[in-house]
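Visitor: Would you mind keeping the following structure in view while I ask a few things?
Taken together, the values in this text are just the output of simple stated rules run on the coordinates, not laboratory data. On a predicted model such as this, the values are computed, not experimentally measured, just so you know. Here Cβ is always computed from backbone atoms with ideal geometry, including for glycine, and neighbour counts include all displayed protein chains.
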Amino acid sequence: MQLNDTVALVTGGASGLGRAVAETFLQSGAKVVVVDLARDENAASVAQLGERALFAPADVSDEAAVQQALAAAKERFGALHVAVNCAGIAFALKTLQKGRPVDLQTFEFTLKVNLVGTFNVCRLAAALMAENAPNADGERGVLINTASIAAFDGQMGQTAYAASKGGIASLTLPLARDLAAYGIRVATIAPGIFDTPMLAKLPEPARQSLAEQVPFPKRLGNPAEFAALARHIVENPMLNGEVIRLDGALRMGMK
């Protein structure tokens, strides 16, 4: 599937990895619907993307809100061909804090946003994609999800985050099998350490220490590199049911 003249939905698209995806897809000729939380700074960020970008505020774990965002996409652009899930949260909390168990609500909230939110967008976006006429390869749509290498190399304090991202990795193949009859492909990117607003808050020595852990290239990942892989997934019809690590050969240590 070529991005030119397609409609793509990007969650978490107001900043970080999602913003890079939105920019790359727009440069490739797509129209982009950015789903992010209803904040003034998010609306302003999307406004900078131009007239082929639409801001559809929503919490990805809220069924009605995502349905409204998809309805807005269809009303504005007429269809949906690609959905990229980049929205997510992260907490660093050990299972026991000074001998006391971590708050269960933190674990539940992380799974609700990262895992349930991703599946919620996938299932609703797939229903809209199924209405498309197939292209020459029989494709009607592409779903791209964001896991993390923490799904495989989770560190201390990452039980909730690793579990949520592991769930995203695990649902990739069955989701692709479920949607194969509709001509909808599914792939997941598992990024390593990327230079996102979350990491920008760290002191420079801490950022450099993280970069030194990457075998090659010895630096933080550029969000544009994540976006380039997302574009390739859309354009390569044989990429389906796969989780792709994008990490410079990094394998995370215990902490």
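Visitor: Length gain on complete extension for the stretch M238 to A200, per 0.36 nm per residue less the alpha carbon to alpha carbon distance?
Guide: 10.2 nm
Visitor: Just the number, please: percent antiparallel of the DSSP beta bridges in region 3-147, rounded to the nearest 5.
Guide: 10 percent
Visitor: To the nearest 10 degrees, how steeply does helix 159-179 sit against the main Cα axis of the chain, on a 0 to 90 scale?
Guide: On a 0 to 90 degree scale, this one is about 30.
Visitor: Here's another thing I want to ask about it. Just list whichever of K165/K255; K98/K218; K31/K218; K98/K255 have alpha carbons separated by over 29 Å in the model shown.
Guide: Result: K98/K218; K31/K218 exceed 29 Å.
Visitor: Suppose we keep just the DSSP beta bridges with both residues in the chain; what percent of those would be antiparallel, to 5?
Guide: 5 percent
Visitor: Give me a comma-separated list of calculated 3J(HN,Hα) values for region 110-117, in order, Karplus coefficients 6.51, -1.76, 1.60 applied at θ = phi - 60°, integers in Hz, x for any Gly or Pro.
Guide: Those phi angles translate into 4, 5, 4, 6, 6, 8, 5, x Hz.
Visitor: Return the long-range amide H neighbours of L54 (sequence gap of 5 or more, or a different chain), with a cut-off of under 5 Å between placed amide H atoms.
Guide: Amide H neighbours of L54: V32, V33, V34.
Visitor: Given all pairs of different Cα atoms, what value in angstroms does the Kirkwood hydrodynamic radius of region 153-243 take? Please list the in-between numbers first.
Guide: On the way: mean 1/r = 0.0659 Å⁻¹.
One over the average 1/r among Cα pairs gives 15.2 Å for region 153-243.
Visitor: Taking only DSSP H segments of four or more residues, each worth -39500 (n - 2.57), what value at 222 nm results for the chain once the sum is divided by all its residues, to the nearest 500 deg cm²/dmol?
Guide: -12500 deg cm²/dmol
Visitor: If I take every Cα pair under 8 Å that is 6 or more residues apart in region 95-252, average their sequence separation and divide by the length, what percent do I get for the relative contact order?
Guide: Here the relative contact order equals 26 percent.
Visitor: Quick check: from the Cα gyration tensor, does region 22-64 come out rounded (a/c under 1.5), prolate or oblate?
Guide: oblate
Visitor: I need the peptides 183-195, 211-223, 117-129 ranked by packing, meaning the mean over residues of other C-beta atoms within 10 angstrom, with the highest value on top.
Guide: 183-195, 117-129, 211-223
Visitor: Which order do peptides 68-78, 166-176 fall in by mean Cβ count within 10 Å, highest first?
Guide: 166-176, 68-78
Visitor: Which angle between 0 and 90 degrees, to the nearest 10, do you get for helix 16-27 versus the longest principal axis of the chain when only C-alpha atoms count?
Guide: 30 degrees
Visitor: Provide the three semi-axes, in whole Å and in decreasing order, of the ellipsoid equivalent to the chain as defined by the square roots of 5 times the Cα gyration tensor eigenvalues. Let's see the in-between values first.
Guide: Values: eigenvalues 170, 74, 71 Å².
That gives 29, 19, 19 Å for the three semi-axes.
Visitor: Okay, moving on. Just to confirm the number: angle between the C-alpha axis of helix 223-235 and the first principal axis of the chain, 0 to 90 degrees, nearest 10?
Guide: Taking Cα atoms only, the helix is inclined about 40 degrees.
Visitor: Quick one: compute a quarter of the convex hull surface over the Cα atoms of region 89-228 and quote it in nm².
Guide: Quarter of the Cα hull surface area: 10.5 nm².
Visitor: Label points 7 Å out from Cα along the Cβ direction at A228 and Q97: separation in nm?
Guide: 4.1 nm
Visitor: Name the most mobile residue of L37, L93, L111, meaning the one with the largest mean-square fluctuation, in a Gaussian network model of the chain with Cα contacts below 10 Å.
Guide: Result for the chain, Cα springs under 10 Å: L93 fluctuates most.
Visitor: What ranking do 235-242, 22-29, 138-145, 151-158 get when scored by the average of other Cβ atoms within 10 Å per residue, highest first?
Guide: 138-145, 22-29, 151-158, 235-242
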